[in-house]
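The values are calculated or read from the model by the stated rules, or taken from the named source; none is laboratory data. Predicted model only: the values in this text are computed from it and were never measured. Reconstructed Cβ throughout: ideal geometry from the backbone, glycine too, with neighbour counts over all protein chains shown. Remember, those area values only see protein heavy atoms, side chains included, never the ligands or the DNA or RNA. Shrake-Rupley method; radii C 1.70, N 1.55, O 1.52, S 1.80 Å.
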Amino acid sequence: MAASPGSLRRAGNEEFRRGQYGPAAALYTRALELLETSGEAAAEERSVLLANRAACHLKDGACSLCVADCSSALDLVPFGIKPLLRRAAAYESLERYQLAYVDYKTALQVDCSIQAAHDGVNRMTKALLEKDGVNWRQKLPPIPTVPISAQTRWSVPSAGSPGANTPPATAQQGEPEQTAAGTERARTLREEGNELVKKGNHKKAVEKYSESLKLNQECATYTNRALCYLTLKQYKEAVQDCTEALRLDPNNVKAFYRRAQALKELKDYKSSIADIKSLLKTEPKNTAALRLLQELQSLG
């Protein structure tokens, strides 16, 4: 049976939830190809798919592709909140602060309650003031006026209502936008955590990584926090974080190694050996893993 655009979109959403942004984007592309021929009738569905694919590009750091998809989505359905916020976040990453400011401001006209847009406006105001001085507003491109019809149109869906516009990350209205705008903040927090690890302050680093993970679930942040938990002898927490990391990246070497270390401390030698064997499938010559395997076999 041939896949329908709807089933491809749902499959894409599922991949997105698992952190598989490349495969998700490919599924959205296939759905868009099927809809190409349906013209105007499918404008709204095509707009949603483009905005979803843009979210994948944003997660993967492909900001120019994100901008292109959001612009196409907005051509089909003007003043869509998700494409506006995702394009703003992409412009911000590309340091095109004027265009990001315009998009964040436009989003606030559509829905003044979006915290991510308020935060974005504040960041852009600061950046533009530094870049262009006190007259920065005079250099801005025009901010479009959002018609009342668009404002009411977007305030209809309730917080948890599933439907065609359900974003790929979760069914909660507003969360992916904050994720999109918060990606940069999450990265900063992770880097702050890394600096604290270098200084040997693992407890404080855990706090930074935890804050970062609230904004964006990154595999590296989980494995970094797991390392802190190992140092702090919180082995169960280390196992949990490595398991989360492996959910996002099933072949992650650090996650396998650190989970094996934690399981060894918890005296679950069998599971620890299984993790090391999984790691060695990816990196057969990993000396640290081979050493740990020898140690485990002598214990088990």
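Looking only at the range 206-216, count how many residues are within 9 Å of residue 186 (Cα to Cα) and open to solvent by 60 Å² or more (accessible area, probe 1.4 Å).
Going through the range 206-216 one residue at a time, the tally reaches 2.
Look through 169, 181 and report the one residue that is part of a helix (DSSP H, G or I), of a type in the set (A, V, I, L, M), under 25 Å from residue 52 (Cα atoms) and at pLDDT below 90.
181
Scan the range 10-17 and tell me whether some residue there is open to solvent by less than 20 Å² (accessible area, probe 1.4 Å) and more than 19 Å from residue 249 (Cα to Cα).
Of the residues in the range 10-17, the ones open to solvent by less than 20 Å² (accessible area, probe 1.4 Å) are 12-13, 16.
Next, only the ones that are more than 19 Å from residue 249 (Cα to Cα) stay: none.
No, the range 10-17 contains no residue that is open to solvent by less than 20 Å² (accessible area, probe 1.4 Å) and more than 19 Å from residue 249 (Cα to Cα).
Show the residue pairs that are 6+ apart or on different chains and have beta-carbon atoms under 7 Å apart, the first residue being within the range 73-91 and of a type outside the set (D, E, K, R), the second being not in a helix (DSSP H, G or I).
Hits for this filter: 73/80; 74/80; 79/146; 81/111.
Quick one: residue 187 ticks every box in (1) open to solvent by 50 Å² or more (accessible area, probe 1.4 Å); (2) part of a helix (DSSP H, G or I); (3) more than 28 Å from residue 104 (Cα to Cα) except a single one, so which number is it?
Unmet condition: (3).
Looking at 72, 38 in this structure, which one is modelled with pLDDT under 90 and polar (S, T, N, Q)? Quick ask: steps written out before the conclusion?
Working: 72 fails: modelled with pLDDT under 90.
Among 72, 38, only 38 is modelled with pLDDT under 90 and polar (S, T, N, Q).
Which numbered condition trips up residue 296, out of (1) open to solvent by less than 30 Å² (accessible area, probe 1.4 Å); (2) within 27 Å of residue 22 (Cα to Cα)?
(2)
Would you check which residues across the range 115-136 are free of Cβ contacts under 8 Å to residues at least 60 places away in the same chain and open to solvent by 90 Å² or more (accessible area, probe 1.4 Å) and list them?
122, 126, 130, 131, 134
Please go through the range 63-107 and give me each residue that is open to solvent by 20 Å² or more (accessible area, probe 1.4 Å), among the aliphatic types (A, V, I, L, M) and assigned to a loop (DSSP other than H, G, I, E, B), ordered by number.
Across the range 63-107, the qualifying residue is only 94.
Among the residues of the range 28-35, is any modelled with pLDDT under 95, farther than 15 Å from residue 83 by Cβ and part of a loop (DSSP other than H, G, I, E, B)?
no
Here are the criteria: (1) on the phi < 0 side of the Ramachandran plot; (2) free of Cβ contacts under 8 Å to residues at least 40 places away in the same chain; (3) not aliphatic (A, V, I, L, M). Tell me which single one residue 249 does not satisfy.
(2)
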